[in-house]
Amino acid sequence: MNKTLKKITAVFTSAMMLTSVIAVSAMSVAADDEVETDSYLVAGSSGEIFGTAWDPANHDNEAYSAVQLKTVKNETEWIGDAVSGDNVTFNLTGAGTFTVVYTPDANVNDGAGYTSVTGDIVEAITNFEYTSIYAAGNGEGAYLNGASWTPDAPANKMAEIAPDIWRITFANVGQGFDRQIKFAVDGAWTHNFGAPDFEEGDDMNNHIGEWMDAKYNSSNITFDTDDTCTIVATIDMSAFDFTDKSGAKFKIDIVYDEDIEPSTDGYLVAGSAGEIFGTAWDPTNHDNDMDQVGGLWAKTYTVDQAYSAVQLKTVKNETEAYSAVQLKTVKNETEWIGDAVSGDNVTFNLTGAGTFTVYYDPDPTFNEGAGFTYVTGSIVEEIGDFEYTSIYAVGNGEGAYLNGASWTPDAAANKMTEIEDGIWQITFENVGQGFDRQIKFAVDGAWTHNFGAPDFEEGDEMNNHIGEWMDAKYNSSNITFDTDDTCTIIATLDMTNFDFATKRGAKFKLDVIYDYVTGDVDGDGEVTIDDVTALLEYLAEYEDAEIDRYAADVNGDGKINVLDVTDIQRFLAEIITFD
């Protein structure tokens, strides 16, 4: 007997806002007059298209689809795409028709076949773009902040502790069975992540503290708590592939209060906003002491207004503060501990009145064993794009250097010029001899965001890298160098590749140009045939060949090559003159 070949097709015509279904049709083709006894319909996320959302019994829709959809067989068996069996997800670009097709291919989805969508208005989704993750589930007691199955509950918005890695902490959670959680993308059920498929006899209770596959649009993650504890839920989206819906990972950590050993170390919060922290960047203000909470350290703050660009760190054990709401944790008043990405200040906005909590996680896999600091709360807003309007050169102002404006971050005379998109420059002329000259770059004329020197290897310093592009480190130490004689200093900062998430990508260059005679390549005070020889030896890469690079660039094109040799020869032949 030949097998039945079935193709069930649903055709939808949608108005511009996807507000109406104009026509629905279905057809089944059987070989050898075999009667098809199964039924297929479409179930999807949009009630405007399908009449009811995700309804496997609505026979107005013979197939399964929407912004997300599947085919439903006999009102019980859900059949998704050909790659992973998950929901078929797509955009509809405007008014028109689209068709949902179920293909009963025995080689796909363990024999279930697959669902696909076609039509001129169908737009495939390739890049998975999102801005936030929320923890949603049952909300007994303090768990999930009492917001039971509310996918966009502000209190359950997770913190992005590193790019595409999100975390939330629930303290003082009591004993409970069948606690459940899922991760809702952008506070909606459209894209959510749940438990993997466990083997028979296995469950989440056997995998607490382990990284597990976070399955797209899966069942709830279910586990028990035996006593009062802290629950930390983390989801890692960094390797998620929307095409096959794989790559996301999650981890549930449970720390029971009885297992916490008192620490001999002390941790406190230091940050930029004196209104919040009492004093700004003070690692000795013990009003900001943190408490041990389930293997972490925590401090909760209440504010009565919005704040922009708050910065902070955790401080372990007292030293001088770093930089500019921003914050860090301080351990024992001496060791400053920043975010999970780069160890820099944790920077965020506070959207209005409310509470937020600063956590320090002593996870040894971050920041060379120091752990990391992060912030959670419904009023916490991550800073995505780094927006700014100006850059100022700031430092010591001896003599004419930095126009005499010593360490004034918004001195008008030291405002840099944007010579190209994202590239800023300033020139200081007639700068005399000086040691330990210092400079930093202050964004928008404030210390909140500033750039300084990279971490030099032992024995190295900026004097060895004059004229070279260097990494401009965010909120770093001063750029320190010497000037040997009267000179011109050109400072350039390139922000074109700066990534605020990692605080990396900015570059700077310091050019120190001493008074010189154009064409006097060997620096003997006059232009002679010896300068031609010296330049040729330099271009031929002779060992120990040294030149004055500024004097050698006689045509001023920023390059040193044979054209400069020719111009010096023409100068000596009195064909041309130098300015």
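The values are calculated or read from the model by the stated rules, or taken from the named source; none is laboratory data. None of the values given here were measured: they were computed from a predicted structure. Cβ atoms come from the backbone with ideal geometry, glycine included; neighbour counts cover every protein chain shown.
The figures follow:
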{"quantity": "Those residues of segment 377-405 which are among the hydroxyl-bearing types (Ser, Thr, Tyr) and modelled with pLDDT of 90 or more, in sequence order", "calculated": "Tyr388, Thr389, Ser390, Tyr392, Tyr401"}
{"quantity": "Where Ala135 falls short, out of the listed (1) out of contact with any helix residue (DSSP H, G or I) (no Cβ under 9 Å at 6 or more places or on another chain); (2) within 30 Å of Ile161 (Cα to Cα); (3) among the hydrophobic types (A, V, I, L, M, F, W, C)", "calculated": "(1)"}
{"quantity": "Qualifying position, being closer than 27 Å to Asn127 by Cβ, part of a strand (DSSP E or B) and at pLDDT 75 or above, among Ala43, Ala82", "calculated": "Ala43"}
{"quantity": "Residues that are modelled with pLDDT of 90 or more and surrounded by fewer than 18 Cβ atoms within 10 Å (Cβ to Cβ), drawn from segment 524-537", "calculated": "Glu526, Thr528, Ile529, Asp530, Thr533, Leu536, Glu537"}
{"quantity": "Strands (runs of 3 or more DSSP E) enclosed by segment 371-441 - at least 2 residues per element that are of a type outside the set (Asp, Glu)", "calculated": "372-376, 391-395, 417-420, 423-431"}
{"quantity": "Meets criteria (at pLDDT 90 or above, surrounded by 16 or more Cβ atoms within 10 Å (Cβ to Cβ) and assigned to a strand (DSSP E or B)) for Ala298", "calculated": "yes"}
{"quantity": "Residues of segment 66-79 satisfying the condition of being under 38 Å from the mean Cα position of the chain (by Cα) and either surrounded by fewer than 13 Cβ atoms within 10 Å (Cβ to Cβ) or outside any loop (DSSP other than H, G, I, E, B) (or both)", "calculated": "Gln68, Leu69, Lys70, Thr71, Trp78, Ile79"}
{"quantity": "Members of segment 282-295 that are assigned to a loop (DSSP other than H, G, I, E, B) and either out of contact with any helix residue (DSSP H, G or I) (no Cβ under 9 Å at 6 or more places or on another chain) or modelled with pLDDT of 90 or more (or both)", "calculated": "Asp282, Pro283, Thr284, Asn285, Met290"}
{"quantity": "Conditions (1) in a loop (DSSP other than H, G, I, E, B); (2) at negative phi: number failed by Gly445", "calculated": "(2)"}
{"quantity": "Segment 238-263, residues that are within 22 Å of Tyr134 (Cβ to Cβ), surrounded by 13 or more Cβ atoms within 10 Å (Cβ to Cβ), hydrophobic (A, V, I, L, M, F, W, C) and at pLDDT 90 or above", "calculated": "Phe240, Ala248, Phe250, Ile252, Ile254"}
{"quantity": "Some residue of segment 164-174 being modelled with pLDDT under 90, buried (at least 17 other Cβ atoms within 10 Å of the Cβ) and either of a type in the set (Asp, Glu) or over 12 Å from Thr234 (Cα atoms) (or both)", "calculated": "yes"}
{"quantity": "Criterion: part of a strand (DSSP E or B) and modelled with pLDDT under 90 - qualifying residue of Phe193, Phe177", "calculated": "Phe177"}
{"quantity": "Residue tally, condition modelled with pLDDT under 95, over 13 Å from Gly209 (Cα atoms) and surrounded by 21 or more Cβ atoms within 10 Å (Cβ to Cβ), over segment 226-237", "calculated": "1"}
{"quantity": "Pair list, Cβ under 6 Å, 6 or more apart: segment 155-169 residue closer than 14 Å to Asp361 by Cα and not assigned by TED's automatic domain parsing to the domain that holds Phe242, other residue surrounded by fewer than 23 Cβ atoms within 10 Å (Cβ to Cβ) and not hydrophobic (A, V, I, L, M, F, W, C)", "calculated": "none"}
{"quantity": "Filtered residues of segment 257-281 (kept if acidic (Asp, Glu) and assigned to a helix (DSSP H, G or I))", "calculated": "Asp257, Glu258, Asp259, Glu275"}
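To keep it simple, each residue is scored yes or no on (1) part of a strand (DSSP E or B); (2) of a type in the set (Ser, Thr, Tyr).
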residue: Ser219; (1), (2): no, yes
residue: Thr222; (1), (2): yes, yes
residue: Asp227; (1), (2): no, no
residue: Thr230; (1), (2): yes, yes
residue: Ile235; (1), (2): yes, no
residue: Ala239; (1), (2): no, no
residue: Asp244; (1), (2): no, no
residue: Ile252; (1), (2): yes, no
residue: Val255; (1), (2): yes, no
